[in-house]
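Q: Supplied in structure tokens, the structure appears directly below.
The values are calculated or read from the model by the stated rules, or taken from the named source; none is laboratory data. This one's a predicted model, so the numbers in the text were calculated from it and none came from an experiment. Please note: Cβ atoms are built from the backbone with ideal geometry, for glycine as well, and neighbour counts cover all protein chains shown. Note: areas computed on protein heavy atoms with side chains; ligands, DNA, RNA excluded. Shrake-Rupley method; radii C 1.70, N 1.55, O 1.52, S 1.80 Å.
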Amino acid sequence: MSRFGIGQPVRRVEDQRFLTGRARYVDDIHLPNMLHGAVVMSPHAHALIKSISADEALKMPGVHLVLTGQDAKNDNLGGIPPLFMPEDMGGPKGYRTFRPLLEAAKARYVGDRIAFVVADTPELARIAAERIEIEYEPLPAAVTVQDAVKEGAPKVWDDNALPGNLAFPLMMGNKEATEQAFARAKHVVSVKLYNNRITANAMEPRACIGDYANEAFTLYTSSQNPHGVRSILCGAVFKLPEVRLRVISPDVGGGFGMKGDIYPEDGLVLWASRCLGRPVKWVGTRTESILTDNHGRDQLISAEMALAEDGRILGLRAQALHAVGAYVTNAGVVPVLCALRNIPNVYVVPAMLVASKATFTHTTPLGPYRGAGRPEASYVIERLMDEAAKALKMDPVEIRRRNYIPPSAMPYKTTANWTVGAPVGWTYDSGDFAKLTDRALELSDWKGFEKRKTESKAKGRLRGRSLIYYLEDSGVFNERMELRFDPSGMVTIVAGTHNHGQGHATTYAQMVADWLGVPFENVRLVQGDTDAVPFGRGTYASRSTMLGGSALKGAADAILEKARAMAGHLLEASAKDLEFAEGRFKVVGTDKSIPLTDVAKAFFRPVGLPPQFSVGLDASGSSMVPPTFPNGCHVCELEVDPETGTVEIDRYAVVDDVGKVINPMICHGQIEGALAQGIGQALMENIVFDAESGQMLTASFMDYAMPRASDLPPHYEMEFVDVPAKTNPLGVKGVGEAGCVGAPPVVMNALLDALAPLKVKALDMPATPRRVWEAIRNAAA
Ligand code: MCN
């Protein structure tokens with residue numbers, strides 16, 4: 001096995017550039033003659049826009065343009081629609097929003113875009129934005145999902161005929177079988193949970209530059225999905241053929257799903273540039289980011305589990321309200337859908353009926369954020385499993401084991417018994433949940449807990465622990481990748497995916513180095529430019545390795561096929577007498593051979609190339625492989641100080657099955673990053689609105705608590721167990737989101753375990769010191 005091949009912990013080739021400040025983000029790009037934009041955002045959660053006057057702003061020297069919603073209408077600009085609604089997949093009908101670049105008549109959340117100002121400098125644009133006079137008529141707002149569904153609640157969309165601010169309903173499972181299961185259950189346990197609203201907080205805020213020249217647009221944008229941005233802006237907003245817009249997403253400083261969407265600013269900078277004939281840049285501030293980046297989660301759910309005497313699950317039912325905010329965003333359906341369809345997790349759930357109402361609120365829109373629905377699902381089922389263990393007085397590990405889907409049952413259909421929503425379930429191809437559980441128990445020193453608990457007690461601390469299992473689906477859609485040799489024999493990967501921190505330049509190169517036997521350092525990655533990449537679907541849903549990797553394998557195979565013919569010609573042998581190994585074509589049974597690099601160079605000869613050979617060696621590959629099911633076991637041990645309510649995670653072990661591991665070091669990093677986000681959600685992160693006015697109370701880092709190193713465990717015990725996926729040629733499963741799917745339930749269950757002696761029975765995320773302290777006091781009272 002080569003030192004740089006698949007399975008090796010190769011250092012990330014991209015990091016030198018990042019660590020030495022040589023990355024190139026959108027804000028690093030300065031085009032000649034460039035102007036700067038500022039967005040006027042609504043200060044009201046719900047208000048009529050009575051009038052807008054830009055006269056004062058336009059009088060300021062250096063101010064070039066003010067655009068309003070009425071201008072957008074006059075210019076015939078369309079709104080941004082969701083990529084799909086449930087009805088497009090055969091589901092129930094919903095209310096589809098078309099989000100304009102600027103609102104003309106009504107503001108629907110604090111942060112809704114009302115006007116766009118362009119000036120010589122960003123500072124001047126912001127000052128001018130303050131000079132725009134807007135007369136609002138504030139209206140009552142529906143801020144929380146509980147309030148938004150009430151009868152008589154303010155409507156987010158006046159012409160939405162669906163009741164209770166419903167964006168769309170979803171339901172899946174089997175009603176009759178579930179009722180029967182509950183009727184014959186020996187035990188029924190229930191939970192009522194709120195999955196807190198959080199935000200991605202990418203290090204690089206959203207930013208974009210629009211440049212209009214020669215009747216064509218160029219957009220530089222910090223996006224995970226440049227082709228997706230092009231398609232919506234051309235198709236829905238500007239109504240242009242896609243050749244007229246080039247989208248470049250250079251280095252992107254984190255996205256976490258949030259930058260998978262198209263935002264009004266992407267359209268605004270292009271439109272303003274078309275109006276002025278000069279490039280226009282917009283860069284969000286941290287507060288604008290927290291206010292207007294798509295948020296994640298915000299789900300209220302009541303769930304019940306029916307169990308037999310021996311701890312086997314008989315049935316499960318749940319009803320959720322899942323906020324979508326003021327608009328259904330690009331992939332806004334995804335979290336709501338995945339939060340339901342993943343509830344069965346790794347367990348045999350013979351009957352289930354789960355439903356959700358996706359609900360409009362006068363708040364920031366929601367969308368996929370790392371995990372997108374999977375963390376909600378694992379939180380519900382894993383909290384229920386612990387409740388079941390308590391009710392049945394069973395060991396929480398044992399009750400899980402009793403319900404695991406065994407490897408012998410694979411492929412396993414979660415939908416076998418579903419009568420509603422059946423097409424949206426899953427077929428798990430592989431998984432060995434008991435094996436990973438065994439390993440996690442060892443790794444976490446599960447047996448040593450009682451001793452540590454006694455030690456904690458001596459210090460006045462409460463120690464708790466939990467073991468949970470998670471499973472998620474990863475990967476969606478199809479993908480296209482290209483491989484290209486240059487005349488010197490070097491290889492370029494032209495990727496349809498979009499690396500924004502995951503390490504693709506390294507892992508794809510590892511694959512290519514293995515398959516083609518070319519030196520690792522001779523492979524480079526091109527991505528993120530619709531002029532350089534013919535087509536691609538970007539990076540989200542932990543899809544790149546399985547879909548990008550599979551497409552890349554197709555391209556590599558096609559390269560070898562083409563090269564084989566040339567190698568035969570060069571070696572004066574029949575192509576079918578050649579074998580390829582370690583980067584060389586060899587005539588079988590002889591010592592005649594030629595390296596692939598030399599074969600590639602031959603494709604570029606200006607003369608003497610027989611007519612059957614095209615100029616240059618390149619090939620593309622496509623993939624359309626089904627989702628994979630990464631899964632794993634988390635064990636967490638923590639201490640609570642009952643005097644202050646502070647929580648300290650002392651030990652954390654995680655054993656993951658991400659299929660075949662391409663780069664263990666990168667996988668560790670991915671899991672660790674996502675664990676920080678999952679632990680952050682459990683213990684501190686929270687977007688809070690004033691329930692009456694809809695004002696966000698957490699729009700800065702003074703109020704929104706991001707986890708710091710000192711809030712996280714000192715060390716993670718982490719291992720991977722290879723259970724190769726059976727549904728793609730690489731045997732890989734996704735890893736990018738896994739950590740934050742498992743972390744919230746394991747932390748919360750461990751916390752409830754620690755607090756059990758004090759009779760604390762329920763606690764919501766984020767379990768801040770104050771909440772923990774209050775729960776302790778309330779239980780004592
Ligand atoms: N990998 C591997 N072996 C596997 C699976 C993956 O070595 N069996 C490697 C991959 O080759 C890749 C990385 O792990 O370098 C992540 O791969 P994958 O699971 O395919 O996920 P994607 O590359 O598609 O990334 C998307 C995923 C998602 S959905 C979010 S959200 C997320 C995440 O990645 N956002 C991130 N990780 C992030 N990391 C950073 N730094 N920044 C973000 O915004």
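Q: Label residue 312 and residue 187 with points 7 Å out from Cα along Cα→Cβ: what is the distance between them in nm?
A: Distance between the two pseudo-spin positions: 1.6 nm.
Q: Counting only DSSP beta bridges with both residues in the range 261-364, what percent are antiparallel, rounded to the nearest 5?
A: On the way: 9 of 18 bridges.
In the range 261-364, approximately 50 percent of DSSP beta bridges are antiparallel ones.
Q: Here's another thing I want to ask about it. Can you list which of the trypsin sites (Lys or Arg not before Pro) found in the range 165-198 are DSSP loop residues with at most 16 other C-beta atoms within 10 Å? Don't skip to the answer; put the middle values down first.
A: On the way: sites: 175, 184, 186, 192, 197; in loops: 184, 186, 197.
Loop-located and lightly packed - 184, 186.
Q: Which part of the range 249-269 falls in the paramagnetic zone of residue 98, meaning amide N under 19 Å from the point 7 Å along Cα-to-beta-carbon?
A: 262-268
Q: Which residues in the range 23-52 have a backbone N closer than 20 Å to a point placed 7 Å from the Cα of residue 490 along the Cα-to-Cβ line?
A: 23-24
Q: In addition: Looking at the range 8-99 from every direction and averaging, what is the projected area of its Cα convex hull in nm²?
A: On the way: hull surface 54.7 nm².
Reported value for the Cα convex hull: 13.7 nm².
Q: Let me ask something else. Mind giving me the FRET efficiency for residue 427 and residue 59? R0 is 56 Å, r the Cβ-Cβ distance, nearest 0.05 is fine. Don't jump to the answer; show the numbers that get you there.
A: Working: r = 65 Å, r/R0 = 1.15.
My answer for the efficiency is 0.30.
Q: Share of the range 352-450's accessible area from carbon and sulfur, percent, 1.4 Å?
A: Working: 1830 of 3330 Å².
Roughly 55 percent of what the probe reaches on the range 352-450 is carbon or sulfur.
Q: What is the packing order of peptides 603-616, 218-231, taking the mean over residues of other C-beta atoms within 10 Å and listing the highest first? Intermediate values should be presented prior to the final figure.
A: Numbers: 603-616: 10.5, 218-231: 25.4.
Ranked from most to least packed, the peptides come out as 218-231, 603-616.
Q: Residues with beta-carbon under 11 Å from that of residue 748, excluding residue 748: net charge, scoring Lys, Arg +1 and Asp, Glu -1?
A: -3
Q: In addition: Please list the equivalent ellipsoid semi-axes of the range 1-159, computed as the square roots of five times the alpha-carbon gyration tensor eigenvalues, in descending order and whole angstrom.
A: Numbers: eigenvalues 280, 180, 44 Å².
Working through the eigenvalues yields semi-axes of 37, 30, 15 Å.
Q: Just in the range 419-482: which trypsin sites (Lys or Arg not before Pro) are loop by DSSP and have at most 15 other Cβ atoms within 10 Å? Intermediate results must be reported in sequence, preceding the final value.
A: Numbers: sites: 435, 439, 447, 451, 452, 453, 457, 459, 461, 463, 465, 480; in loops: 459, 461.
Taking the range 419-482 and a limit of 15 other Cβ atoms within 10 Å, the loop trypsin sites (Lys or Arg not before Pro) found are 459.
Q: A further question on this structure: Using the C-alpha gyration tensor of the range 117-161, what are the square roots of 5 times its eigenvalues, in whole angstrom, with the largest one first?
A: Numbers: eigenvalues 258, 27, 21 Å².
Over the Cα atoms of the range 117-161, the semi-axes work out to 36, 12, 10 Å.
Q: Nearest 0.05, what FRET efficiency do residue 239 and residue 87 give at R0 = 25 Å with Cβ-Cβ as r? Walk me through the numbers on the way to the answer.
A: Details: r = 23 Å, r/R0 = 0.94.
Computed FRET efficiency for residue 239 and residue 87 comes out at 0.60.
Q: OK, next. Averaged across orientations, what area in nm² does the convex hull of the alpha carbons in the chain project?
A: Across all orientations, the chain yields a mean hull projection of 36.5 nm².
Q: Give me the distance in nm between label points sitting 7 Å out from Cα along the Cα-to-Cβ direction at residue 213 and residue 73, one decimal.
A: 3.5
Q: Which is farthest toward the positive dipole end of the range 572-664 among 595, 611, 630, measuring Cα position about the Cα centre, with Cβ charges +1 (Lys, Arg) and -1 (Asp, Glu)?
A: 611
Q: Also: For the range 303-451, what mean projected area does the convex hull of the alpha carbons give, in nm²? Numbers along the way, then the final one.
A: Numbers: hull surface 43.0 nm².
That works out to 10.8 nm², a quarter of the Cα hull's surface.
Q: Which order do peptides 496-507, 656-667 fall in by mean Cβ count within 10 Å, highest first? Kindly include the intermediate steps, with their values, before the conclusion.
A: Details: 496-507: 24.9, 656-667: 23.2.
The densest-packed peptide leads the list: 496-507, 656-667.
Q: Which value, in Å², gives the accessible area per residue of the chain when a 1.4 Å probe is used on the protein heavy atoms?
A: Values: 29700 Å² over 781 residues.
Roughly 38 Å² per residue, with all protein chains present.
Q: Just reorder 95, 469 by solvent-accessible area, largest first, 1.4 Å probe, all chains present. Could you put the intermediate results ahead of the total?
A: On the way: 95 35, 469 0 Å².
Per-residue accessible area, sorted high to low, gives 95, 469.
Q: Next question. So what's the net charge close to residue 342: Lys and Arg +1, Asp and Glu -1, counting the other residues with Cβ under 13 Å from its Cβ?
A: Values: positive: 341, 374; negative: 376, 382, 472, 473, 737.
Residues near residue 342 contribute -3 overall.
Q: Next question. For the chain, what is the relative contact order in percent, using Cα pairs closer than 8 Å and at least 6 residues apart in sequence? Mind dumping the intermediate values first?
A: Numbers: 1950 pairs, mean separation 119.5, N = 781.
Value for the chain: 15 percent.
Q: Oh, and also: Looking at the range 583-646, what % of the alpha carbon pairs are farther apart than 18 Å? If you can, show how the numbers build up before the last one.
A: Values: 1436 of 2016 pairs.
Beyond 18 Å sits 71 percent of the P(r) for the range 583-646.
Q: Say each of residue 672 and residue 457 gets a label point 7 Å from the Cα, pointing the same way as Cα to Cβ; how far apart are those two points in nm?
A: Output for this residue pair reads 3.5 nm.
Q: Relative contact order (percent) for the range 424-512, with alpha-carbon contacts under 8 angstrom and 6 or more residues of separation? Don't skip to the end; give the middle numbers.
A: Details: 34 pairs, mean separation 11.8, N = 89.
Relative contact order here is 13 percent.
Q: Roughly how far apart, in whole Å, are the Cα centres of the range 85-115 and the range 627-642?
A: When both Cα centres are located, 36 Å separates them.
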